[in-house]
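Trainee: Here it is: the structure, laid out below.
The values are calculated or read from the model by the stated rules, or taken from the named source; none is laboratory data. Please read all numbers here as calculations on a predicted model, not as lab measurements. In this analysis, Cβ positions are derived from the backbone assuming ideal geometry, glycine residues included, and neighbour counts consider all displayed protein chains.
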Amino acid sequence: MKTIQKILAILLIAVCVVAVMPKNVVMASTAAEIVGNVQAQETADTKFAEDLQTTIGRLLGFLQVASGLAAIIMIAIVGFNFIVATPGVKDEMKQKMLPIIIGIVLVFGAVSIARFVLSVAA
């Protein structure tokens, strides 16, 4: 049973990576575009900064989605085990639930702080 859960978790993460991650984009400019025009250089730098901010934003979004899905799956598994467990095992299930909840709070807090820093830096 645990093998099936691991395989499903890996497949779910793989689908999220494919759906959320940015496409491969080449951000190179030719030398002829930049050499004679100072505004082109400033525009290229600004575009690169915006593209970098967009890429980091997508990575943070992926982190939120992946960690949210993993947390939901872990909470569901622990919750199901809590429901069908004997009274002696229920205390162990309660102890397993606390780190999951703390992890969710840390991930979403870190992503929120990173997004705030990106918005201030832009």
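Trainee: In region 74-107, how many are surrounded by 14 or more Cβ atoms within 10 Å (Cβ to Cβ), hydrophobic (A, V, I, L, M, F, W, C) and part of a helix (DSSP H, G or I)?
Mentor: Of the residues in region 74-107, 10 are surrounded by 14 or more Cβ atoms within 10 Å (Cβ to Cβ), hydrophobic (A, V, I, L, M, F, W, C) and part of a helix (DSSP H, G or I).
Trainee: I would also like to ask the following. Determine the pairs where a residue that is in contact (Cβ under 8 Å) with a residue 40 or more places away in the chain, located within region 92-107, has a partner that is in a helix (DSSP H, G or I) with Cβ atoms under 6 Å apart, the partner being 6 or more residues away or on another chain.
Mentor: So the pair list comes out as V107/S67.
Trainee: Looking only at region 98-113, which residues are at pLDDT 85 or above and within 19 Å of D51 (Cα to Cα)?
Mentor: none
Trainee: Does A110 qualify as being of a type in the set (G, A, S), part of a helix (DSSP H, G or I), surrounded by 13 or more Cβ atoms within 10 Å (Cβ to Cβ) and in contact with a Gly (Cβ under 8 Å, 6 or more places away or on another chain)?
Mentor: Working: of a type in the set (G, A, S): yes; part of a helix (DSSP H, G or I): yes; surrounded by 13 or more Cβ atoms within 10 Å (Cβ to Cβ): yes; in contact with a Gly (Cβ under 8 Å, 6 or more places away or on another chain): no.
In short, no.
Trainee: Follow-up question, since we're still on this one. Do we find a residue being assigned to a helix (DSSP H, G or I), loosely packed, with under 14 Cβ neighbours inside 10 Å and at pLDDT 70 or above anywhere in region 31-47?
Mentor: Yes, there is a match, as at least one residue in region 31-47 is assigned to a helix (DSSP H, G or I), loosely packed, with under 14 Cβ neighbours inside 10 Å and at pLDDT 70 or above.
Trainee: Right, another one. Going by what's in this entry, would F116 be described as assigned to a helix (DSSP H, G or I), surrounded by 10 or more Cβ atoms within 10 Å (Cβ to Cβ) and either at pLDDT 85 or above or touching a strand residue (DSSP E or B) at 6+ places or on another chain (Cβ under 8 Å) (or both)? Step through it out loud before you land on a result.
Mentor: Numbers: assigned to a helix (DSSP H, G or I): yes; surrounded by 10 or more Cβ atoms within 10 Å (Cβ to Cβ): yes; either at pLDDT 85 or above or touching a strand residue (DSSP E or B) at 6+ places or on another chain (Cβ under 8 Å) (or both): no.
Considered against the rule, which asks whether it is assigned to a helix (DSSP H, G or I), surrounded by 10 or more Cβ atoms within 10 Å (Cβ to Cβ) and either at pLDDT 85 or above or touching a strand residue (DSSP E or B) at 6+ places or on another chain (Cβ under 8 Å) (or both), F116 comes out as no.
Trainee: Under 7 Å between Cβ atoms, which residue pairs at least 6 apart in sequence (or on different chains) link something in region 1-12 that is modelled with pLDDT of 70 or more with a partner that is part of a helix (DSSP H, G or I) and polar (S, T, N, Q)?
Mentor: Listed pairs, sorted by first residue: none to list.
Trainee: Something else: Residues in region 52-73 that are within 21 Å of K6 (Cβ to Cβ) and either more than 12 Å from the chain's Cα centre (by Cα) or not in a helix (DSSP H, G or I) (or both): how many? Lay out the reasoning, then the answer.
Mentor: In the first step, residues of region 52-73 are kept if they are within 21 Å of K6 (Cβ to Cβ); the result is 62-63, 65-73.
With the extra rule that they be either more than 12 Å from the chain's Cα centre (by Cα) or not in a helix (DSSP H, G or I) (or both), the set shrinks to 71-73.
Matching residues across region 52-73 total 3.
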